């Protein structure tokens, strides 16, 4: 990303030019052949090209190969408002159709931060209604370091603190994440005007979630992830365990909504008051259940782990009171300062525990190890909310555990204790640095560490 602005050559494969002219010819399944793009737009979370069929006179808006639209693009017919998506879930088509029907010309404010003028630019659209997805889009710019382009980040204001120093420009849309779901004509016009100030501009063909090292993650958050090489020394002082709290998806077996309300009759507007009451009742019950499970987890660990530092981070909501020994870092409001404080807590933690969701993304990358509780309805989204900074695959598996949501607190406590006491052994057994024939002094050092580890386990019993 730290580029030489004198570079005037095209970046090569993996990028689509949108300025000074768009160069894109996707295959259109509606027409049955490839069509040339004539225009582009970014009205929100969409990064789109307009393709025209001169024979029929019809036009479509379709995804440029970026993010969710790379392998499963949608095709929007602006004449009818109909949206088709040959591959991928219907949810994206429904969101797009709704946004198109309700498109708005309301003025949108953009705060432009210019660190150095972007000449040959790579525009990265990080607008997304979901926090974790927006952050994941931002982290993917680590894949653009060798592009020779000046990176421009388009994001909402609450992501500003995560943008690395070497990014050329930041275009910050004023407002919350919800703005990304709106089809804003005004936003699209402003973005196009700013792009026209560059000599050339491209969109990267990026789909995969970010794979960042500890050092790269630090460049985003300005927080050093947990130093696993200091695991044993830190454990001798205190064991740090953190639970990532989420109010709208709890560690509970209570369903949020019954099957009846998923039926056509249950979704009737006449039953909305009953449905809303039932959802609120179930959510309150799930939060009480989560509160009790966190308390049990803390008590179980306290009995068996010496010098325990147990904390909770996340949005407070109607969280309830936690036991007095827990460091409660939950907050009703969320801003950059609080997000960074949560990252710092995660970075001091040997083990992070939490339910699957956006709130796990940054903490999981900063913590030493992660235990994620996965709901059944999120099996298709597995690993999407987790960051892996470990280079060795076997060690990464040891440091990231995925367990069912209904796993009892007693078992989570046992898994946590196992990770705490056995990581040093796992690192020696799996990490690539210790492969191959070892000199005798290295063997003696490993033996000494194993003696210390076994003494620690014996005292814990």
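The values are calculated or read from the model by the stated rules, or taken from the named source; none is laboratory data. Everything numeric here is computed off the predicted structure, so don't read it as measured data. Cβ sites come from the backbone with ideal geometry, for glycine too, and all protein chains shown count toward neighbours.
Exactly one condition in (1) over 17 Å from residue 230 (Cβ atoms); (2) touching a strand residue (DSSP E or B) at 6+ places or on another chain (Cβ under 8 Å) is false for residue 399; which is it?
Of (1) over 17 Å from residue 230 (Cβ atoms); (2) touching a strand residue (DSSP E or B) at 6+ places or on another chain (Cβ under 8 Å), only one is false for residue 399: (1).
Of the residues 325, 365, 357, 311, only one is in contact with a helix residue (DSSP H, G or I) (Cβ under 9 Å, 6 or more places away or on another chain) and farther than 24 Å from residue 239 by Cβ; which? Spell out the reasoning first.
Details: 325 fails: farther than 24 Å from residue 239 by Cβ; 365 fails: farther than 24 Å from residue 239 by Cβ; 311 fails: farther than 24 Å from residue 239 by Cβ.
Going through 325, 365, 357, 311 in turn, the sole match is 357.
For the range 333-358, name all the residues that are under 21 Å from residue 408 (Cα atoms) and in contact with a strand residue (DSSP E or B) (Cβ under 6 Å, 6 or more places away or on another chain).
If the condition is that a residue be under 21 Å from residue 408 (Cα atoms) and in contact with a strand residue (DSSP E or B) (Cβ under 6 Å, 6 or more places away or on another chain), then 350, 351, 352, 353, 354, 355, 356 are the ones that fit.
List the number of the failed condition for residue 216; all other conditions in (1) surrounded by 15 or more Cβ atoms within 10 Å (Cβ to Cβ); (2) more than 27 Å from residue 347 (Cα to Cα) hold.
(2)
Which condition number does residue 146 fail, the rest of (1) free of Cβ contacts under 8 Å to residues at least 40 places away in the same chain; (2) more than 20 Å from residue 113 (Cβ to Cβ); (3) in a helix (DSSP H, G or I) being met?
Result: residue 146 passes all but (3).
Under the condition of being in a loop (DSSP other than H, G, I, E, B) and loosely packed, with under 13 Cβ neighbours inside 10 Å, which residue from the range 86-97 is modelled with the highest pLDDT? Spell out the reasoning first.
Within the range 86-97, the first condition is being in a loop (DSSP other than H, G, I, E, B), and the residues that meet it are 86-89.
Add one more test, that the residue is loosely packed, with under 13 Cβ neighbours inside 10 Å, and what stays is 86-87, 89.
Values: 86: 89, 87: 84, 89: 82.
Top of the filtered list is 86.
If you go through the range 426-449, how many residues are more than 17 Å from residue 391 (Cα to Cα), at pLDDT below 70 and surrounded by 13 or more Cβ atoms within 10 Å (Cβ to Cβ)?
The qualifying residues number 0.
Collect the residues in the range 98-130 that are in a helix (DSSP H, G or I), surrounded by fewer than 18 Cβ atoms within 10 Å (Cβ to Cβ) and under 25 Å from the mean Cα position of the chain (by Cα), keeping them in residue-number order.
Looking only at the range 98-130, we keep the residues that are in a helix (DSSP H, G or I), and these are 98-101.
When the remaining residues are screened for being surrounded by fewer than 18 Cβ atoms within 10 Å (Cβ to Cβ), the result is 98, 101.
If the condition is that a residue be in a helix (DSSP H, G or I), surrounded by fewer than 18 Cβ atoms within 10 Å (Cβ to Cβ) and under 25 Å from the mean Cα position of the chain (by Cα), then 98 is the only one that fits.
Go through the range 395-422 residue by residue and tally those that are farther than 19 Å from residue 289 by Cβ and surrounded by fewer than 18 Cβ atoms within 10 Å (Cβ to Cβ).
Residues that pass the stated criteria total 7.
So how many residues does the range 66-85 have that are modelled with pLDDT of 90 or more and either closer than 22 Å to residue 381 by Cβ or not assigned by TED's automatic domain parsing to the domain that holds residue 40 (or both)?
Qualifying residue count for the region: 3.
Quick check on my filter: what residues within the range 368-394 are closer than 23 Å to residue 417 by Cα and touching a helix residue (DSSP H, G or I) at 6+ places or on another chain (Cβ under 7 Å)?
368, 369, 370, 371, 372, 386, 387, 388, 389, 390, 392, 394
In the range 56-65, which residues are surrounded by fewer than 15 Cβ atoms within 10 Å (Cβ to Cβ) and either touching a residue at least 12 places away in the same chain (Cβ under 8 Å) or in contact with a helix residue (DSSP H, G or I) (Cβ under 9 Å, 6 or more places away or on another chain) (or both)?
56
Are any residues in the range 214-238 over 22 Å from the mean Cα position of the chain (by Cα) and in a loop (DSSP other than H, G, I, E, B), and if so, which ones? Explain how you work it out, then say what you get.
So the first thing to find is which residues in the range 214-238 are over 22 Å from the mean Cα position of the chain (by Cα), and the list is 228-238.
Within the range 214-238, just 238 meets the criteria.
So, in the range 312-333, how many residues would count as being free of Cβ contacts under 8 Å to residues at least 60 places away in the same chain and either within 17 Å of the chain's Cα centre (by Cα) or surrounded by 15 or more Cβ atoms within 10 Å (Cβ to Cβ) (or both)?
5
Just a yes or no: is a residue in the range 252-275 modelled with pLDDT under 65, in the same structural domain as residue 412 (by TED's automatic domain parsing), in a helix (DSSP H, G or I) and under 27 Å from residue 332 (Cα atoms)?
Checking the range 252-275: at least one residue is modelled with pLDDT under 65, in the same structural domain as residue 412 (by TED's automatic domain parsing), in a helix (DSSP H, G or I) and under 27 Å from residue 332 (Cα atoms).
So, in the range 66-84, of the ones that are in a loop (DSSP other than H, G, I, E, B) and crowded, with 21+ Cβ neighbours inside 10 Å, which residue ends up farthest from the chain's Cα centre (by Cα)?
Selected residue: 74.
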